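The values are calculated or read from the model by the stated rules, or taken from the named source; none is laboratory data. The model shown is predicted, which means the values in this text are computed figures rather than measured ones. Quick reminder, even Gly has a Cβ in these numbers, built from the backbone with ideal geometry, and neighbours come from all protein chains shown.
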Amino acid sequence: MEQAFVVEAVVLAVIIVIPAYRVIVGPTLFDRLLGAGAIGTKTVALICLVGIIFDRLDMFVDIAVGYAILNFIGNLAIAKYFIVPKPDGHPPVESR
Amino acid sequence: MNGFDGLALVLVAAGALFLLVGSIGVVRLPDFYTRIHAVGKSDTLGLVLVVLGIAAHEGASLTGVKLVAVVVFVALTNPVGSHALVRSAYVSGLRPWFKGEPVPEDPTADHHDDGDDDGDDDSAVAEPGEDRR
């Protein structure tokens with residue numbers, strides 16, 4: 001039973017590596033942020049699976065909650081920060 | 001261990017399938033907006049399925065309730081994060097790719113990585129609202 005979860009965790013670890021391609025070669029800054037966000041989202045699932053494998057799910061669930069919250073806050077802060085101005089110095093359009 | 005282990009395995013496998021589809025979409029699709037279109041939805045559904053499968057394995061306990069709370073939190077916040085990133089890109093003037101144009105990622109087509117690493121590939125910068133249709 002646990003072996004099945006180990007197999008699924010390994011498959012998920014391979015899936016997590018795939019968006020790193022977009023982080024490394026992404027043409028624009030936003031592609032890199034998108035890849036980093038995708039990796040962070042998938043990592044929450046992997047943390048829960050590792051909790052099952054180590055038989056300490058009660059502890060790893062708390063870690064997963066903290067990771068999800070930090071991922072969300074980090075995404076929002078980075079998306080707010082990287083509104084780059086236009087090359088001609090024109091200020092960016094304000095949000096409503 | 002309880003009676004839901006088969007259900008747990010099936011749910012986790014289905015969620016891993018959705019996560020795999022999202023990862024392939026991130027790598028394969030032509031521009032930023034299509035990529036986040038792929039990853040914003042399928043990642044949310046895949047993560048919800050995986051965590052629900054783990055909750056089925058855990059059963060009714062405090063940990064199971066926490067897992068359901070993770071599901072609710074992710075289902076609320078992941079689309080919000082995707083939307084914030086898309087809005088940031090659009091306000092910054094990143095131009096969408098339209099059908100029939102050359103794919104912007106084609107390495108033989110033009111000149112990315114102009115070195116300043118600010119992400120605006122200067123041919124891809126346009127006024128926001130100029131090409132709104």
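Some observations on this one:
- First in region B:65-87 and closer than 19 Å to B:D31 by Cβ, second anywhere and at pLDDT below 95 and surrounded by fewer than 14 Cβ atoms within 10 Å (Cβ to Cβ), Cβ under 8 Å, 6 or more apart: B:A84/A:K80; B:R87/A:S95
- Close pairs (7 angstrom Cβ cut-off, 6 or more residues apart or separate chains): without any contact (Cβ under 8 Å) to a residue 60 or more places away in the chain and facing chain B (nearest Cβ under 7 Å) in region A:19-33, in a helix (DSSP H, G or I) and of a type in the set (D, E) anywhere: A:R22/A:D31
- Only a single criterion out of (1) without any contact (Cβ under 8 Å) to a residue 24 or more places away in the chain; (2) in contact with a Ser or Thr (Cβ under 6 Å, 6 or more places away or on another chain) is not satisfied by A:V65, namely (2).
- Residues in region A:49-70 that are closer than 15 Å to B:N78 by Cβ and facing another protein chain (nearest Cβ under 7 Å): 3 in all.
- Hits in region B:11-27 (condition: at the interface with chain A (Cβ under 7 Å from one of its Cβ atoms) and of a type in the set (F, W, Y)): none
Residues checked against (1) more than 10 Å from the chain's Cα centre (by Cα); (2) surrounded by fewer than 17 Cβ atoms within 10 Å (Cβ to Cβ):
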| position | (1), (2) |
| --- | --- |
| B:V12 | yes, no |
| B:I24 | yes, yes |
| B:D31 | yes, no |
| B:R35 | no, no |
| B:D43 | no, no |
| B:V70 | yes, no |
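- Qualifying residue in region B:49-70 (condition: closer than 20 Å to A:D31 by Cβ, part of a helix (DSSP H, G or I) and out of contact with any His (no Cβ under 9 Å at 6 or more places or on another chain)): no
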